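Some notes on the structure that comes next.
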Amino acid sequence: MSDHEFIAIIDSGVGGLTVAREVMRQLPGESILYFGDNARCPYGSRAPEEIQAFSFQMIEFVSKFPIKALVVACNTATAVVLEEAKKRLPLPVIGVIEPGARAAIGVTKTNRIGVIGTETTIRTKAYELAVKQLRPDSFAFGLACPAFVPLVETHRQHTEEAQKEVERTLAPLQGLDLDTLILGCTHYPLLAPLIQEAVGPKITLISSAEETASEVSRLLGGLTDGFSPGKALPLFPPRHCFYTSGNALSFQRIAEEWLGFPVEVESRPLEKLYQS
């Protein structure tokens with residue numbers, strides 16, 4: 001693997017694949033190293049101390065590879081560990097909260113913005129604070145949706161059960177006159193059709209994936225291998241590597257459905273997390 005420098009993406013499970021797909025689209029010459037902590041997912045109801053410990057275990061793992069940037073694709077982990085990770089690592093570290101807030105501010109017409117996320121993300125008010133910092137006169141309302149991540153992790157996002165759960169959970173958003181809704185968890189875009197149906201067509205859904213990928217490109221600058229007119233092709237074609245602490249076959253099914261191409265997934269049990 002010495003021929004490649006990777007953009008590392010870590011997440012509590014499969015949700016960060018939404019970010020990985022967008023990074024691949026915007027930077028097609030880049031190699032991606034992905035680790036999903038599916039065995040301990042979801043993170044959203046865990047204590048901050050646990051989230052921090054688990055996140056830095058993943059960071060320890062991906063740091064054994066030649067990486068040029070780290071994306072903390074989990075919103076919950078971003079809220080808890082991003083600033084500390086930036087201090088510890090000598091490379092660009094990108095979270096998903098600030099990019100998501102910027103994207104919402106860019107499209108809202110009424111400044112009435114909703115945020116749905118895990119219990120920890122909503123409890124920290126990380127998105128609301130980011131939105132207010134960008135536009136102090138905005139209205140931001142957060143709603144925890146703890147049932148959404150398990151639906152995605154168990155591949156039930158296409159079921160009638162998921163539809164009913166999404167409608168029930170999002171009912172408190174009715175009557176708030178929102179025009180924009182931030183999907184404040186990277187798992188949630190996999191439920192986007194159900195979420196859109198529940199909130200109605202007048203509300204614009206915001207996934208932070210596109211803005212996060214743009215942030216990666218901006219921070220890496222000339223270091224990226226993404227193609228551009230007049231730029232030479234990279235010496236080596238991109239190589240994407242996927243690891244999970246959980247069931248590799250389950251991860252593979254979801255990854256291939258979401259990314260649209262065959263992938264190989266290696267399971268790294270938690271007791272082997274530090275082994276290269």
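The values are calculated or read from the model by the stated rules, or taken from the named source; none is laboratory data. Remember, it's a predicted structure, so these values are computed and weren't measured experimentally. Backbone-built Cβ (ideal geometry, glycine too); neighbour counts: all protein chains shown.
Every residue, every condition in (1) acidic (Asp, Glu); (2) out of contact with any Ser or Thr (no Cβ under 9 Å at 6 or more places or on another chain); (3) surrounded by fewer than 19 Cβ atoms within 10 Å (Cβ to Cβ); (4) under 14 Å from ILE195 (Cβ atoms), yes or no:
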| position | (1), (2), (3), (4) |
| --- | --- |
| ASN111 | no, no, yes, no |
| THR120 | no, no, no, no |
| ASP137 | yes, yes, yes, no |
| CYS145 | no, no, no, yes |
| PRO172 | no, yes, yes, yes |
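Applying the criterion of being modelled with pLDDT of 95 or more and under 11 Å from ARG239 (Cα atoms) to the residues of the stretch 1-20, the residue that is surrounded by the fewest Cβ atoms within 10 Å (Cβ to Cβ) is PHE6.
Table: residues versus (1) under 18 Å from the mean Cα position of the chain (by Cα); (2) over 18 Å from GLY13 (Cβ atoms); (3) in a helix (DSSP H, G or I); (4) modelled with pLDDT under 95.
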site: MET58; (1), (2), (3), (4): yes, no, yes, no
site: ALA69; (1), (2), (3), (4): yes, yes, no, no
site: ALA79; (1), (2), (3), (4): yes, no, yes, yes
site: ALA85; (1), (2), (3), (4): yes, yes, yes, no
site: ILE113; (1), (2), (3), (4): no, yes, no, no
site: ILE116; (1), (2), (3), (4): yes, no, no, no
site: PHE141; (1), (2), (3), (4): no, yes, no, no
site: LYS164; (1), (2), (3), (4): no, yes, yes, no
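LEU173: in contact with a strand residue (DSSP E or B) (Cβ under 8 Å, 6 or more places away or on another chain), farther than 21 Å from ARG102 by Cβ and not β-branched (Val, Ile, Thr), yes or no? Here the answer is yes, as LEU173 does meet what is asked.
The set of residues from the stretch 218-268 being under 18 Å from GLU22 (Cα atoms), hydrophobic (A, V, I, L, M, F, W, C), modelled with pLDDT of 85 or more and not in a helix (DSSP H, G or I) comprises CYS241, PHE242, PHE261, VAL263. Regarding ILE94, is this residue over 25 Å from GLN196 (Cβ atoms), surrounded by 22 or more Cβ atoms within 10 Å (Cβ to Cβ) and either among the small types (Gly, Ala, Ser) or in contact with a helix residue (DSSP H, G or I) (Cβ under 8 Å, 6 or more places away or on another chain) (or both)? Spelling it out, ILE94 is indeed over 25 Å from GLN196 (Cβ atoms), surrounded by 22 or more Cβ atoms within 10 Å (Cβ to Cβ) and either among the small types (Gly, Ala, Ser) or in contact with a helix residue (DSSP H, G or I) (Cβ under 8 Å, 6 or more places away or on another chain) (or both). For the stretch 87-111, a residue qualifies if it is part of a helix (DSSP H, G or I) and either under 16 Å from LEU183 (Cα atoms) or touching a strand residue (DSSP E or B) at 6+ places or on another chain (Cβ under 8 Å) (or both), and the qualifying residues are ILE97, GLU98, PRO99, GLY100, ALA101, ARG102, ALA103, ALA104, ILE105, GLY106, VAL107.
Give the residues of the stretch 22-39 that are closer than 24 Å to ILE206 by Cα and surrounded by fewer than 19 Cβ atoms within 10 Å (Cβ to Cβ), sorted by residue number. Matches in the stretch 22-39: ARG25, GLN26, PRO28.
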